[in-house]
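Just so it is clear, none of the values below were taken in a lab; they were calculated from the coordinates. Since this is a predicted model, take the numbers as computed values, not measurements. Cβ sites come from the backbone with ideal geometry, for glycine too, and all protein chains shown count toward neighbours.
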């Protein structure tokens with residue numbers, strides 16, 4: 001995908017910025033090829049293919065910082081970008097914490113960048129790039145048809161979507177780092193609709209996503225599972241308000257982990273915009289919870305060899321048996337907090353840097369999903385949450401939810417139109433069961449887990 005050309009563009013941009021007076025210059029060139037298709041009710045509805053290429057630049061003049069970006073990579077466009085960036089930096093206010101990693105810390109391709117005993121992370125599959133509009137539409141149609149064929153109660157569809165992306169990113173810094181990565185990703189989702197006896201429409205879904213085409217769940221199986229999840233919702237009803245055990249499936253549990261991820265970011269900590277700001281080294285979850293951020297997972301959705309500042313990727317244990325071990329920091333937030341970077345920097349197309357997760361994974365327990373449910377005498381199994389109700393400063397959490405009622409260790413009837421709430425700090429500390437079914441389709445990898453008691457507001 002033009003890696004050599006992109007390196008030359010980025011290197012030339014850095015050199016121009018330095019020549020115009022920048023003490024630090026970092027350029028990132030990103031390019032991608034995107035295909036999106038959608039079918040609905042057995043007919044094609046959308047085929048959209050596009051390409052993109054952008055250049056982002058971060059410069060520092062002393063302790064003054066500026067970020068700029070452009071889609072015009074002509075020599076004239078790059079020159080304007082560099083001139084604007086340096087001028088903006090000279091006009092910016094000084095930031096005593098501005099800076100970059102020391103050159104000795106930077107990842108060197110073939111040395112620190114190469115994970116020992118792991119080999120290539122295998123993030124690119126040429127087969128994904130070969131998927132054209134015709135193949136993508138056929139895959140989506142096959143999946144939707146499988147949903148219709150699975151159960152006669154599937155009477156409509158909100159559609160099936162198939163997409164793929166091929167991307168490349170090149171980073172060059174004045175500190176001496178040069179790195180390029182390529183990756184692919186394909187996804188398929190189906191949303192069937194079933195009509196309930198009271199004429200209410202029930203919608204469910206299922207999806208598959210991965211970096212390599214051979215790892216995709218078969219099209220027909222995605223449709224079948226989507227139909228199965230949809231018809232299970234028929235006859236859903238409310239339950240009385242009460243305090244009850246709540247079991248989160250991997251999809252909804254992923255949302256909970258996402259909230260926690262935002263609260264352990266270094267920039268949230270120094271801004272005091274997280275309830276965990278002063279909690280490092282203390283208990284923040286039950287002893288059943290161990291949470292890692294691991295960018296070195298083979299074919300992982302969030303895997304990478306180096307971070308957005310050129311530091312070698314590494315596995316970070318964020319929470320170990322309930323104890324908060326570290327925040328996730330780029331070099332800036334680390335300096336603000338008087339700590340060291342965890343190689344968690346992410347660099348966007350604009351050239352700006354901020355900490356982020358890579359593959360955030362809750363470690364599995366010993367129980368199967370079915371065993372966890374069967375050990376729950378009475379509870380609510382959550383398969384979907386709606387709305388957004390979370391305050392990161394206080395930890396207060398409240399969401400609309402639907403799923404299934406658990407009675408005597410068995411899933412009984414579907415439940416909808418209820419709200420579950422509990423402070424996130426208490427929620428995490430009340431996790432008393434973790435299954436072994438970690439879902440790795442997303443960069444937030446989560447198993448089924450149980451919270452011993454939450455407030456459920458229903459009828």
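Helical content alone sets the calculated 222 nm signal of the chain at -7000 deg cm²/dmol, taking -39,500 (n - 2.57) per DSSP H segment of four or more residues and averaging over every residue. Over the stretch 14-93, the Kirkwood radius and the radius of gyration, each from Cα atoms, give a ratio Rg/Rh of 1.27. Summary value for the stretch 236-459: 30 percent relative contact order, contacts being C-alpha pairs under 8 angstrom separated by 6+ residues. Normalised by the number of residues in the stretch 324-441, the average gap of Cα pairs under 8 Å and 6 or more apart makes the relative contact order 22 percent. Rounded to the nearest 10 degrees, the inclination of helix 133-150 to the longest alpha-carbon principal axis of the chain is 20 degrees.
Packing-based ranking of 140-146, 90-96, 313-319, 408-414 yields 140-146, 313-319, 408-414, 90-96, ordered from highest to lowest mean Cβ neighbour count within 10 Å. Put simply, the C-alpha atoms of the chain give a gyration tensor, and the ellipsoid matching it has half-axes of 42, 29, 19 Å, longest first. Roughly how far apart, in whole Å, are the Cα centres of the stretch 51-100 and the stretch 300-355? Using only Cα atoms to place each centre, the spacing works out to 23 Å. Here the contact order of the chain, divided by its residue count and restricted to Cα pairs under 8 Å and six or more residues apart, works out to 16 percent.
I'd like the orientation of helix 250-263 relative to the chain: the angle between its Cα long axis and the longest Cα principal axis, in ° from 0 to 90, rounded to 10. Computed tilt is about 40 degrees.
Legend: calculated FRET efficiency, residue 15 to residue 41, from the Cβ-Cβ distance at R0 = 45 Å, rounded to 0.05, equals 0.20.
Protection proxy ranking, highest mean first, for peptides 219-230, 276-287: 219-230, 276-287, where packing is the per-residue count of other beta-carbon atoms within 10 Å, averaged.
Per-peptide packing, taken as the mean over residues of other Cβ atoms within 10 Å, places 351-363, 231-243 in the sequence 351-363, 231-243 from highest down. Dividing the Cα radius of gyration of the stretch 126-231 by its Kirkwood radius returns 1.20 for Rg/Rh.
Taking other Cβ atoms within 10 Å as a rough exposure proxy, 97, 388, 380, 397 sort from fewest to most as 388, 97, 397, 380.
Restricting the calculation to alpha carbons of the stretch 236-459 gives Rg and Dmax of 17.9, 55 angstrom. Taking the longest Cα principal axis of the chain as reference, the axis of helix 219-231 is set at about 50 degrees.
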